[in-house]
Amino acid sequence: MLLSRREFLKLSGLAAAAPLLSRVSLPEALLRPQLLGRTIYLNYIYDRPSLNGKHIGVIPAASVFNIYGTVQSDDNYYNRTWYETEQGYVHSASVQPVRWQVHEPTLDIPAQGFLGEVTVPFTLAKTGPSSHYNTAYTFYYGTTYWVTSAQQNEKDGSIWYEVQDDRTLKNYWLRGEDVRSVSDAEVRPIDPDVADKRIEVNLAKQTFRAYQSGQLVLDILCSTGPYLRTVNGKRIYGTPAGDWSILRKRPTRHMMGDDAASADFFDLPGVPWVSYFHWWGVSIHGTYWHNDYGRPRSHGCVNLPPEAAKWIFRWTMPQAGIELKETLANNNGTTMVVS
């Protein structure tokens, strides 16, 4: 079965590229938004779903707003997805589609811990188990972390989860209600007995395709490293071209640049569903800092929507589960061609 990006996100409940639902009256629509949007940057509101439309308002950065529908514009543009709001239309590029789902937290944490996923637009990572502690990071929807313990606040009864940062080795605390435990069933390997699997990434077209037994099973847009230069007539991108294979996997990784003083420094905790294919540390992974697939946006990795990255994590070899340590390939990693 060929799965498009639309179908991936529909399966995940985040139909970011689905056609606009049948029109209803505005009062009725306001009672049942499809989902929420978290603005990554300031976003203009347009009077129609087109970059040629008129600006009629703005939504500030770090805002959460209702999304009542998703529509494809007629613009000749690589990203034609727009979100319908109460006031007008917002382009999807810097809007993360999210939900606000809280859970009943528990103090009963397994000895080995568990993989937790943030299920609210954002939650604050504190230096201690209370809202009164300093904020170390903001953790965003869909990011994943290893939960090691839980503690109840004596004053208000709230339960806080302690999470271990796999890069800095520091521990932070999150409200338990903002995190869900990822089950083993969710990461069960897909068709593990099929050896004939292949991924193809086209850097010029920003396409990501997966084949199984010669049949195309996934065809979506991605975001890779930018164009750097041309050498002997060949365009060189930040993502290394060549014939590779999946080397290792992690269900979560804190990704960070090496030079904090550089203009393109990045600090991204909780990157979900990471499948490495190059010894530099280049990988396929879920993305929460943009929603603009179809043009280069990464430092070299292959950015996918989180649910697509999770599917790749399950579908490719080596088989990996929800473990704190990384899973290494044993000369059996799925083939990946980047050109």
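Does V201 qualify as being in contact with a strand residue (DSSP E or B) (Cβ under 8 Å, 6 or more places away or on another chain) and not assigned by TED's automatic domain parsing to the domain that holds S275? It is false that V201 is in contact with a strand residue (DSSP E or B) (Cβ under 8 Å, 6 or more places away or on another chain) and not assigned by TED's automatic domain parsing to the domain that holds S275.
Tell me whether the stretch 265-274 contains one or more residues that are among the small types (G, A, S), in contact with a Phe, Trp or Tyr (Cβ under 8 Å, 6 or more places away or on another chain), modelled with pLDDT of 95 or more and not assigned by TED's automatic domain parsing to the domain that holds E162. Yes, the stretch 265-274 contains at least one residue that is among the small types (G, A, S), in contact with a Phe, Trp or Tyr (Cβ under 8 Å, 6 or more places away or on another chain), modelled with pLDDT of 95 or more and not assigned by TED's automatic domain parsing to the domain that holds E162.
Okay, residues lined up against (1) surrounded by fewer than 15 Cβ atoms within 10 Å (Cβ to Cβ); (2) without any contact (Cβ under 8 Å) to a residue 24 or more places away in the chain; (3) basic (K, R); (4) closer than 19 Å to M317 by Cβ:
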{"residue": "E200", "(1), (2), (3), (4)": "no, no, no, yes"}
{"residue": "L203", "(1), (2), (3), (4)": "no, no, no, no"}
{"residue": "G214", "(1), (2), (3), (4)": "yes, yes, no, yes"}
{"residue": "V217", "(1), (2), (3), (4)": "no, no, no, yes"}
{"residue": "C222", "(1), (2), (3), (4)": "no, no, no, no"}
{"residue": "R229", "(1), (2), (3), (4)": "yes, yes, yes, no"}
{"residue": "D243", "(1), (2), (3), (4)": "yes, no, no, yes"}
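I'm trying to understand the selection: among the residues of the stretch 39-68, which are part of a strand (DSSP E or B) and not hydrophobic (A, V, I, L, M, F, W, C)? Passing the criteria: T39, N43, Y44, Y46, H55, G57, N66.
Total residues in the stretch 151-192 satisfying the condition of being in a strand (DSSP E or B) and of a type in the set (D, E, K, R): the figure is 3.
In the set (1) crowded, with 16+ Cβ neighbours inside 10 Å; (2) modelled with pLDDT of 95 or more; (3) of a type in the set (D, E), D196 fails one condition alone, (1). Quick check: is even one residue across the stretch 142-150 part of a loop (DSSP other than H, G, I, E, B) and either surrounded by fewer than 15 Cβ atoms within 10 Å (Cβ to Cβ) or in contact (Cβ under 8 Å) with a residue 12 or more places away in the chain (or both)? Yes; the residues of the stretch 142-150 include at least one that is part of a loop (DSSP other than H, G, I, E, B) and either surrounded by fewer than 15 Cβ atoms within 10 Å (Cβ to Cβ) or in contact (Cβ under 8 Å) with a residue 12 or more places away in the chain (or both).
Every condition in (1) under 17 Å from L35 (Cβ atoms); (2) free of Cβ contacts under 8 Å to residues at least 12 places away in the same chain holds for Y68 except the one numbered (2). For N303, state whether it is surrounded by fewer than 22 Cβ atoms within 10 Å (Cβ to Cβ) and in the same structural domain as L218 (by TED's automatic domain parsing). No.
The values are calculated or read from the model by the stated rules, or taken from the named source; none is laboratory data. Since the structure is predicted, the reported quantities are computational estimates derived from the model, not experimental observations. Cβ: placed from backbone, ideal geometry, glycine included. Neighbour counts: every protein chain shown.
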